[in-house]
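A.B. asks: Attaching a single structure in structure tokens format; questions to follow.
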There are 4 protein chains.
Amino acid sequence: MAICIMATGGTFDKEYNELDGTLSFKETHIKDMLSLGRSKADIIVRTIMMKDSLEMQDFDRELILSHCNNAKEKHIIITHGTDRMSETAHFLGKRNAGKDQTIVLTGAMIPYAFGSSDGLFNLGCAIGFVQTLPFGVYVAMNGRYFHWNNVRKNITLGAFEELTQTAQENNEESF
Amino acid sequence: MAICIMATGGTFDKEYNELDGTLSFKETHIKDMLSLGRSKADIIVRTIMMKDSLEMQDFDRELILSHCNNAKEKHIIITHGTDRMSETAHFLGKRNAGKDQTIVLTGAMIPYAFGSSDGLFNLGCAIGFVQTLPFGVYVAMNGRYFHWNNVRKNITLGAFEELTQTAQENNEESF
Amino acid sequence: MAICIMATGGTFDKEYNELDGTLSFKETHIKDMLSLGRSKADIIVRTIMMKDSLEMQDFDRELILSHCNNAKEKHIIITHGTDRMSETAHFLGKRNAGKDQTIVLTGAMIPYAFGSSDGLFNLGCAIGFVQTLPFGVYVAMNGRYFHWNNVRKNITLGAFEELTQTAQENNEESF
Amino acid sequence: MAICIMATGGTFDKEYNELDGTLSFKETHIKDMLSLGRSKADIIVRTIMMKDSLEMQDFDRELILSHCNNAKEKHIIITHGTDRMSETAHFLGKRNAGKDQTIVLTGAMIPYAFGSSDGLFNLGCAIGFVQTLPFGVYVAMNGRYFHWNNVRKNITLGAFEELTQTAQENNEESF
């Protein structure tokens, strides 16, 4: 069961630059994480971009969509900044990504490089979900999965949750 | 979706005793791991035993089976030593555990307490699989899942794999 | 041999705020680090301030000086941001701090909370140097010690070094 | 100031073998540790042996002594198992090692490879002490230094301490 992991950046892959004290990107840590997890799943890793999701724009999401559409794999994980993860999931879901693929977005609250990160757990969850959920677009965070049209980040709690019933009915404005 | 995690010990939960240089058990690290992973899934943790799986006997497996049968949760993760994980999965599967529950066994090659462990990744995978796989008994290791009657630990590689076709036909002798 | 560790902040004690993605201070990690190092030395820890050294001004240095002058301990470690560590050492040395105390400034390039930090090593070095160097003001970084009037941070390399001979002669302008 | 670090094994350098669940040695981690600590001190690392100190015999100590005597460096750190560290320090001190060298033994209670080790702190302390203490043989543990003829490991506490006055008078029997 071939899985493609597409890295787009986010806190997941941020690193501390010790020369200037800033957080920035070098390369994705996904291969190191799979190696640490002793993964033997059939996985290829593609770096699409290395961006903070707050800086993502629609042409970035178009690029991600295009990579999904062109991927021959039926199981796709997208690592993504948490701040706009729901937005990208919504963008992909609206455009029928996931009609014949299982697409799971995940990320991290703490950079993997900082030692005590949630990233390895989240990557594990995503690898579990992506192999077993039906076709569609999902967010996998906090040990749970959410459908693209029913998820938002609660920025006060730093955790993902379903939209409220009302919000769901008007979900385009709500995440 | 309520999940019960049953801790039985294994490398997953081993610790280094700095006074005598041995590896032993104190308490399970599962709650710490869920906390590190920012899990918000509906999970309860029960410690069934704290054993190296090489020391597990059939009455230990009976106890695990009994806990599964008595659990009201439909989604059960069992953390377990890797050396006899396939054996316990087989024991449970043969006795019809998993007829109306999804039971996923997982563990680790490196103790969680040692920092660079595969345990957090494996726990994540198990949490993904247990919520989405149909009823049955499975092993989740190496980013993959295996049916109870088609898995063994390759002790040379330190990884789990399907039985060979022939082995599968005679699978009671083969793990 | 009583040692006083005065925490002033710096990268050493920075933490990642997962809610807004910034680096900031909570409390010093020095006690945790001493505990991890199984320190049994006679040490007390005082938090003087929690500042990025780029934001330190002369009244901050006056405060540090005053704490040194009022300390009854003869062995003082000051944890400090690396960017202005040489400047503070110079400030203290010029004002005769260290005339009857051994004062050692140290810090870190990577926050202790990020797992792969140099902080624990640097704290160890400082604890070694502070117990054995003669009275005076020193910087302890990179496994070495430097006199207050002969040290600067090479910001390109991210490491501390002696002033050049010429620089040394004019050292007030050179760090 | 050239420093020679002689690795002899001990908990400091033990690793977990995930295939058989035992603790054993591969190579010393000292270079990795110096790199993590951003050390720029003039240090060379020599591996003399990789032994648990409980298995060290007098011919092992003769070998260590011979390496000290033949070293051209005046500053020597010996990484060593903690269980017999006092014994080796005594062996060296009795044979006049340290007459024109500063020799510091150090080690760890937790393997460096296990993440939450005291090893990095202890190595830092030893690097501080070895550059500043007068010629002689010392043990550097728990943030402190001890003279070779006045130290023992308290195995109940897992920490080093001076001999009692009485013990000191009869110190050959007391460590």
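A.B. asks: Go through (1) out of contact with any Lys or Arg (no Cβ under 7 Å at 6 or more places or on another chain); (2) open to solvent by 70 Å² or more (accessible area, probe 1.4 Å) and name the single condition residue D:38 misses.
C.D. replies: So residue D:38 meets the others, but not (2).
A.B. asks: Sticking with this one: Suppose we filter the stretch C:47-80 for residues that are of a type in the set (D, E, K, R) and surrounded by 16 or more Cβ atoms within 10 Å (Cβ to Cβ); how many remain?
C.D. replies: 6
A.B. asks: If you don't mind, there's one more thing I want to ask. Could you check the stretch C:1-25 and list, in sequence order, the residues that are free of Cβ contacts under 8 Å to residues at least 12 places away in the same chain and either open to solvent by 30 Å² or more (accessible area, probe 1.4 Å) or closer than 15 Å to residue C:108 by Cβ (or both)?
C.D. replies: C:17, C:18, C:19, C:20, C:22, C:24
A.B. asks: Next question. Hey, any hits in the stretch B:74-83 for a residue that's of a type in the set (Lys, Arg), at pLDDT 95 or above and over 25 Å from residue A:2 (Cβ atoms)?
C.D. replies: Checked against the condition, which is being of a type in the set (Lys, Arg), at pLDDT 95 or above and over 25 Å from residue A:2 (Cβ atoms), the stretch B:74-83 yields at least one hit.
A.B. asks: Those residues that are among the aliphatic types (A, V, I, L, M) and in a loop (DSSP other than H, G, I, E, B), I need them from the stretch C:148-163; list them, please.
C.D. replies: Matches in the stretch C:148-163: C:151, C:155, C:157, C:163.
A.B. asks: Taking the stretch C:54-78 as the region of interest, how many residues are touching a strand residue (DSSP E or B) at 6+ places or on another chain (Cβ under 7 Å) and either assigned to a loop (DSSP other than H, G, I, E, B) or not charged (D, E, K, R) (or both)?
C.D. replies: Final tally of qualifying residues: 11.
A.B. asks: Next up: Scan D:98, D:143 and give me the residue that is touching a strand residue (DSSP E or B) at 6+ places or on another chain (Cβ under 9 Å), within 14 Å of chain C (Cβ to nearest Cβ), on the phi > 0 side of the Ramachandran plot and open to solvent by less than 20 Å² (accessible area, probe 1.4 Å).
C.D. replies: Exactly one residue qualifies, and that residue is D:143.
A.B. asks: Quick check: is even one residue across the stretch B:153-170 touching a helix residue (DSSP H, G or I) at 6+ places or on another chain (Cβ under 9 Å), more than 30 Å from residue D:14 (Cβ to Cβ) and not acidic (Asp, Glu)? I'd like the intermediate steps shown before the answer.
C.D. replies: The initial filter retains those residues of the stretch B:153-170 that are touching a helix residue (DSSP H, G or I) at 6+ places or on another chain (Cβ under 9 Å), namely B:153, B:160, B:162-163, B:167.
Subsequent filtering for residues that are more than 30 Å from residue D:14 (Cβ to Cβ) retains B:162-163, B:167.
If we keep only those that are not acidic (Asp, Glu) too, we end up with B:163, B:167.
Yes, the stretch B:153-170 contains at least one residue that is touching a helix residue (DSSP H, G or I) at 6+ places or on another chain (Cβ under 9 Å), more than 30 Å from residue D:14 (Cβ to Cβ) and not acidic (Asp, Glu).
Residue-wise test of (1) within 8 Å of chain C (Cβ to nearest Cβ); (2) at negative phi; (3) open to solvent by 10 Å² or more (accessible area, probe 1.4 Å).
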residue	(1), (2), (3)
D:122	yes, yes, no
D:127	yes, yes, no
D:136	no, no, yes
D:148	no, yes, yes
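A.B. asks: Of all residues in the stretch C:89-120, count the ones that are within 9 Å of the chain's Cα centre (by Cα) and not aliphatic (A, V, I, L, M).
C.D. replies: Of the residues in that region, 2 qualify.
A.B. asks: For the subset of the stretch B:101-119 comprising residues that are open to solvent by less than 10 Å² (accessible area, probe 1.4 Å) and in a helix (DSSP H, G or I), which member is nearest to the other protein chains (Cβ to nearest Cβ)?
C.D. replies: Looking at the filtered set, the residue picked out is B:114.
The values are calculated or read from the model by the stated rules, or taken from the named source; none is laboratory data. Fair warning: this is a prediction, and the values are worked out from it, not measured in the lab. With ideal geometry, Cβ positions are generated from the backbone for all residues, glycine too; neighbour counts draw on all protein chains shown. What goes into the accessible areas is simple: the full protein's heavy atoms, side chains included, and nothing from ligands, DNA or RNA. Shrake-Rupley method; radii C 1.70, N 1.55, O 1.52, S 1.80 Å.
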